[in-house]
Amino acid sequence: MVGRSIRGCPCSVWKTFLLCAVILVWSVSGSVLVLSKRSRGGEAMSLPKVAANYTPLTPLGFLERSAFVYGSRTSVIYGDVRYTWAQTYERCRRMASALVKRGLSRGDIVSVVAPNVPCIYEAHFGVPMAGMVLNAINIRLDARMTAFFLEHSKTKALIVDEEFFPLIDEALGILSSKLGSIEMPLLVVAEEGQGGIDRQKHGGFAAALARGAIEYESFLSEGDPAFVWAPPADEWDSIALGYTSGTTSSPKGVLLSHRGAYVAALSNLLVWEVPIGAVYLWTLPLFHCNGWCYSWGIAAHAGTNVCLRHVTATGIYNAIRKYGVTHFCGAPVVLNMLINSPVSERAPMSHTIHVMTAGAAPPAIVLSKMEEQGFRVTHTYGLTETFGPSTICAWKPEWDSLPVADRARLNSRQGVRYVGLEGLDVVDLKSMVPVPADGATLGEVVMRGNMVMKGYLNNPKATEESFQGGWYHSGDIAVKHPDGYIEIKDRAKDIIISGGENISSLEVESILYRHPGILEASVVARPDEQWGETPCAFITPNGKVPITEADVIQFCRKELPHYMVPRSVVFGPLPKTATGKIQKHVLRTKAKALGNLNKNPRSRM
Ligand SMILES: Nc1ncnc2c1ncn2[C@@H]1O[C@H](COP(=O)(O)OP(=O)(O)OP(=O)(O)O)[C@@H](O)[C@H]1O
């Protein structure tokens, strides 16, 4: 029937033709649509970002929320000074507003030179709330280096604690004599106010005012307490600039994004299980990597920031007693200071005190002594370039039942990636192939993801080099254990190569720390005609047990293969960076100055 009607009627032919054409067009356009949807990931993936569902990530909103939800809780304590979260929010908005009123613009760098006191905490919010970039400068640098940072960062405003104004004055003097004349940054000076410094000796406050600085509280009062701040236009905008410690080379200016700071701050709370309302003691300098992003993190959980101008064992134990501190961070040098403090000074541990350590490798013995004292130590590892800690030695419940020394040994490893870091590996230095998880093969630690810096300020070469092959290169040498945990063996520059064998200076140091007469130890390479290099130990005795070079060598011989035993020992204080890291490059220079060591070349074997 159908066939006959088609043959018998030309109209039907046309109809059929048209029908076929429609079907063809429909199916082709359909497939195009399907293809294009597939290439975009389908309907489920193609919905756009709109104002209702997308705002640039920034940690600044943590403060606004805590002021709203926990407005009357204590946010900051410094001596007699106490603020609530509502007050801190207001003070930070005032700061942002005052900076804008003084003519600074979006993207300008505002530097802060202060120990852990309220003004530097407030600057972590106030400066970026004005769309500006915070540069917290290390207070232990000399005037020459400080001048370099001010010039390199093109600082437009400088908030300085009165104790450090003499340093700034000198730094600005260096700049103006170097450059002829300089456009003076806006100077704001914060008064100490708590009797924590000898004002006669420092005289910084009066000198700063005489130089035209405005007093910090007056500066805040210029600002609008209801200033309407806006989140960054783009989460990739910079929130902070931070210079590396300069442990191995000249410091580089690391730029950090709002997005990364948000991810790092929340990751920190998660991995360390920081509860709402934690009492956080500022032992870690806020100028060091923005206090590992706890500056912003503590605001997210409306904790209390206890400020500490001078970090001493007495200061820490007093704060524990007085404020019920629950958490603090510190480099191993701070832990060492605590375990070596007189027993009479120590605070009774009525609750668990959580300590996060990073910045250098904590010797296992230090970890076990901290544990014996009742501290719960979480070991993390990271760099200024990764917003501070970005790996954690994640604790396993099955380790609980192990002897204390085994627990400390496991915990002294640098561990696994943070929840906010997308990639972590140890790779061969040349081929970039991941090393086997055998706990022995050395490679470089590489990282990637949202907790990696934007790059170095005005240093495209260093930025490019550090991001080679799609990974951030840490310059740290490590092994990967069968359980996937990484363990740092040395910095690439610190490894000692003796007779073709790699010696991890950290391994030798961890043995030295077990000696009852040693307070601190650091091991570097000393030139040696026969072996190329041999280990040279620099030691600070603790004064409890007499100790000689022969004792040290003898002690190490019992614990280490002979080629790893220090051939020379030097006693004295160790040079450190502001963050308490031992400056091995200074020790290497000293070891080099000792000359070639080759008294008895075969004796080590
Ligand atoms: N838990 C840790 N164990 C061992 N080393 C650590 C640990 N945490 C940090 N480090 C060391 O600290 C380095 C990062 O330090 P930071 O970013 O403060 O500047 P710096 O590296 O000391 O200075 P510079 O890069 O100028 O030499 C790491 O590369 C690593 O060598």
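Quick one: work out the % antiparallel among DSSP beta bridges in the chain, nearest 5.
On the way: 47 of 85 bridges.
Of all bridge pairs located within the chain, approximately 55 percent are antiparallel.
Here the range 453-489 and the range 264-285 have alpha carbon centers that stand 25 Å from each other. Taking the Cα centre of the range 58-102 as reference, the dipole from Cβ charges on Lys and Arg (+1) and Asp and Glu (-1) amounts to some 180 debye. When the P(r) of the range 193-314 is calculated, the portion above 21 Å amounts to 61% of the C-alpha pairs.
Listed cross-link partners LYS178/LYS581; LYS430/LYS454; LYS369/LYS544; LYS480/LYS584; LYS430/LYS489; LYS156/LYS322 are compared with a 27 Å cut-off, the Cα-Cα value being larger for LYS178/LYS581; LYS156/LYS322. Shape class of the range 289-365 from the alpha-carbon gyration tensor: oblate, with a/c at 1.5 or above and b/c at least as large as a/b. Residue-wise HN-Hα couplings along the range 74-82, as the Karplus relation 6.51 cos²θ - 1.76 cosθ + 1.60 with θ = phi - 60° gives them from phi, are 6, 9, 9, 10, 9, x, 7, 7, 9 Hz; Gly and Pro carry x. Considering only MET184, PHE148, LEU167, and ranking their Cα positions along the charge dipole of the range 138-185 that arises from unit charges at the beta-carbon of Lys, Arg, Asp and Glu, the one farthest toward the positive end is PHE148.
Overall, the ratio between the Cα radius of gyration of the range 494-604 and 2.2 N^0.38 Å, rounded to two decimals, is 0.99. Under the membrane-span-like helix rule (DSSP H runs whose alpha carbons stretch at least 27 Å along the helix axis, mean Kyte-Doolittle hydropathy -0.5 or higher), the chain yields 10-39.
Simple point charges give the picture: +1 on the Cβ of Lys and Arg, -1 on the Cβ of Asp and Glu, and for the chain a dipole about the Cα centre of about 1240 debye. Exposure proxy ranking for VAL433, VAL306, VAL127, based on other Cβ atoms within 10 angstrom of each Cβ and starting from the fewest, stands as VAL433, VAL306, VAL127. Residues whose amide H lies under 5 Å from that of GLY455, counting only those 5 or more places away or on a different chain, are LEU255; hydrogens are built 1.01 Å from N in the peptide plane. Simple rule: put +1 on each Lys or Arg Cβ and -1 on each Asp or Glu Cβ in the chain, find the dipole, and look at PRO275, CYS393, GLY449; the Cα lying farthest toward the positive end is GLY449. Normalised by residue number, the volume inside the convex hull of the Cα atoms of the range 80-231 is 105 Å³ per residue.
Look at the alpha carbon pairs under 8 Å that are at least 6 residues apart: their mean separation over the length of the chain gives a relative contact order of 10 percent.
Could you tell me which of rounded, prolate or oblate describes the range 86-153, using a ≥ b ≥ c as the square roots of the eigenvalues of the alpha-carbon gyration tensor, with rounded for a/c under 1.5 and, failing that, prolate when a/b is larger than b/c and oblate otherwise? Oblate, since a/c reaches 1.5 and b/c is not below a/b.
The Rg/Rh ratio of the range 254-303, with Rg taken over Cα atoms and Rh as the Kirkwood radius over Cα pairs, comes to 0.95. Of the trypsin sites (Lys or Arg not before Pro) found in the range 75-111, the ones in coil according to DSSP and having at most 13 other Cβ atoms within 10 Å of their Cβ are ARG106.
For the range 102-107, putting each phi into the Karplus relation 6.51 cos²θ - 1.76 cosθ + 1.60 with θ = phi - 60° gives couplings of 7, x, 7, 10, 3, x Hz, in residue order, rounded to whole numbers and with x for Gly and Pro. With 20 Å bins beginning at zero, the pair-distance distribution over Cα atoms of the chain amounts to 18, 48, 24, 6, 4, 1 %. Derived scalar couplings between HN and Hα for the range 462-473 equal 5, 4, 4, 4, 6, 9, 4, x, x, 10, 8, 9 Hz in order, rounded to whole Hz, by the Karplus curve 6.51 cos²θ - 1.76 cosθ + 1.60 (θ = phi - 60°), x for Gly and Pro. The ranking of PHE68, PHE467, PHE555, PHE125 from fewest to most other beta carbons within 10 Å of each one's beta carbon is PHE68, PHE467, PHE555, PHE125. Expressed to the nearest 5 percent, the antiparallel share of DSSP beta bridges inside the range 231-385 is 25 percent. Counting only DSSP beta bridges with both residues in the range 494-604, the antiparallel share comes to about 80 percent.
Have a look at THR534, LEU560, LEU594 and report the one farthest towards the positive end of the charge dipole of the range 494-604, computed about the Cα centre with Cβ charges (Lys/Arg +1, Asp/Glu -1). It is LEU594.
Debye sum, Cα scatterers, the range 430-478, no solvent: what log₁₀ I/I(0) at q = 0.20, 0.24 1/Å? For the range 430-478 at q = 0.20, 0.24 Å⁻¹, log10 I(q)/I(0) is -0.73, -0.94.
As a footprinting exposure proxy, order MET184, MET132 by other Cβ within 10 Å, with the fewest listed first.
Going from sparsest to densest Cβ surroundings: MET184, MET132.
The numbers here are math on the coordinates, done by the rules we state, and not lab data. Everything numeric here is computed off the predicted structure, so don't read it as measured data. All Cβ positions, glycine included, derive from the backbone under ideal geometry; neighbour counts span all protein chains shown.
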